[in-house]
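Asks: Below: one structure in C-alpha cells.
The values are calculated or read from the model by the stated rules, or taken from the named source; none is laboratory data. Keep in mind that what you see is a predicted model, and the values were worked out from it rather than measured. Counting neighbours? That spans all protein chains shown, and the Cβs are built from the backbone with ideal geometry, glycine included.
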Amino acid sequence: MLETVKVDNSPVAPLLRKCGIGSEDGSPFMINNRDKITLYFVMERGLSRYCVKLARYPKHNRFIEHEYDNLSKLHTLISGNRILENSIPKPISLGYDNDRAYAVTDFFNGRKLFSAAFRPKQYEQIVSWLIELHWLTRKEAGFDRDILMRYINHRLEPVATLDDMPEDLRLLFDNIMDGWNRMGRKSIPAVFTHNDFTIANILFNNDDLYVVDWSWATEAGFLFVDLLDALLYSVYKGNDDYISALKILFSGSTVKRGKMIAGSIKRYKDRFDLSDELARWLTEVFLFGKAAQFHQAGRMDRFNPLADCCSYVHGLRASELFSQ
C-alpha cells in the first residue's frame with residue numbers, strides 16, 4: 001500500500017535522524033509523491049512509524065509551519081475524542097535544517113481509493129467523521145468582506161487585495177456578498193475545516209479512516225464546504241460539467257450513487273440544522289474558492305465552467321437548487 005524509496009545513504013538521512021525518532025542504523029524511506037512543495041519520508045522506531053515532511057525550498061516553509069500549527073490547535077480541540085484523535089496525525093516536532101522547515105507527525109498506513117471504489121459504508125464513514133469534527137469545533141462567527149478575502153487568500157500566492165482582483169473574479173465576489181446581504185443574517189456557524197478534503201487526503205485501512213495533509217486547514221472555516229469537496233468529484237463526469245454534478249449531488253438522482261450522496265448531504269444538513277438558503281450560499285462560496293485557485297493558476301479552461309456554475313447557483317432560489 002505504501003510506495004517508498006530507501007534513502008539511508010543519501011544526504012537527507014542525517015536530517016531525518018536529527019528528528020530524534022530514528023537510530024543511527026535506521027532506514028528512512030522517501031514516499032513517492034508529486035507534491036512540488038513538500039518531500040515526505042517515513043521513519044521507524046520499534047513498531048512505530050512516523051511521517052517527516054520537509055519543505056523542498058525555504059520559500060515553502062510556511063506550508064510545513066501551517067500544518068504543524070493546525071495539527072497542534074486541532075488536537076487541543078479534539079482532546080478526549082478517540083475517533084478523531086486516532087484518525088488525525090499528531091504533531092511531534094517542528095525544526096529547521098539548512099533553512100528548510102520539517103515537521104514530524106504520526107504516520108498512517110492507509111491507502112487512497114478512487115471515488116468509484118467507495119462502498120456505501122465508506123461514504124457513511126466520511127460523513128460521520130466530518131460531522132464529528134465539525135460538531136465538536138463549531139461556534140458562531142460574523143461575516144464580512146474581509147473574512148471572504150481571507151478565505152480566498154488562504155489558498156492563493158501571492159495574496160490578492162479587493163482592489164487588484166480581476167473583474168471576472170470580482171463579479172463572483174460581489175455575488176456572494178449580495179447573497180449574504182439578502183439572507184439578512186448576523187452570524188454563521190464556523191468550524192475547523194480541512195479545506196482540501198478530497199479523496200487524495202482520505203485514507204482507508206480496512207475499517208479505519210484517516211485524514212491527512214492539514215496545510216490548508218483553518219480554525220474558523222465555512223460549514224459545508226469540506227463535505228462538498230469530498231463528494232463533488234464522486235459524481236463529476238469530467239468535461240468541466242460542474243452544473244450536472246451539482247444536480248446529482250442535491251437532487252437524489254436515480255443513479256444509485258447519486259441517491260446515496262444526496263442522502264449524505266441531507267444527513268449533514270439535518271445535523272447542523274442547515275437551511276436550504278444557507279446551504280445554497282455556502283455552495284457558492286465553495287465554488288468561488290475553487291474558481292479563484294484556477295484563475296490565479298491561469299487555468300481559464302477550468303475557471304470559466306466554475307464561474308458559470310457559481311452564476312448558476314447564485315441565480316437559483318434555494319428551493320430550486322435542492323429540487324433539481
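Asks: Could you pull out the residue among 88, 64 that is touching a strand residue (DSSP E or B) at 6+ places or on another chain (Cβ under 7 Å), assigned to a helix (DSSP H, G or I), of a type in the set (Val, Ile, Thr) and modelled with pLDDT of 90 or more?
Replies: After ruling out the rest, the residue left standing is 64.
Asks: Right, next: Which ones in segment 276-301 are farther than 19 Å from residue 231 by Cβ and in contact (Cβ under 8 Å) with a residue 24 or more places away in the chain?
Replies: 277, 292, 295, 296, 301
Asks: Looking at segment 197-217, is at least one residue farther than 26 Å from residue 52 by Cβ and surrounded by 15 or more Cβ atoms within 10 Å (Cβ to Cβ)?
Replies: Checking segment 197-217: not a single residue is farther than 26 Å from residue 52 by Cβ and surrounded by 15 or more Cβ atoms within 10 Å (Cβ to Cβ).
Asks: Taking into account only those residues within segment 95-106 that are of a type outside the set (Asp, Glu) and surrounded by fewer than 18 Cβ atoms within 10 Å (Cβ to Cβ), which is modelled with the lowest pLDDT?
Replies: Applying the filter and picking the extreme gives 98.
Asks: Among (1) surrounded by 14 or more Cβ atoms within 10 Å (Cβ to Cβ); (2) touching a residue at least 60 places away in the same chain (Cβ under 8 Å); (3) of a type outside the set (A, V, I, L, M); (4) in contact with a strand residue (DSSP E or B) (Cβ under 7 Å, 6 or more places away or on another chain), there is one condition residue 109 misses while meeting the rest; what is its number?
Replies: Just one mismatch for residue 109, condition (1).
Asks: Right, next: Determine the pairs where a residue that is within 13 Å of residue 165 (Cα to Cα), located within segment 140-151, has a partner that is charged (D, E, K, R) and surrounded by 15 or more Cβ atoms within 10 Å (Cβ to Cβ) with Cβ atoms under 6 Å apart, the partner being 6 or more residues away or on another chain.
Replies: Every condition considered, no pair remains.
Asks: Write out, first by first residue and then by second, each pair whose Cβ atoms fall under 6 Å of each other, whose residues are 6+ apart or on separate chains, and whose first residue, in segment 168-189, is under 27 Å from residue 271 (Cβ atoms) while the second is part of a loop (DSSP other than H, G, I, E, B).
Replies: 187/142; 188/143; 189/138; 189/223
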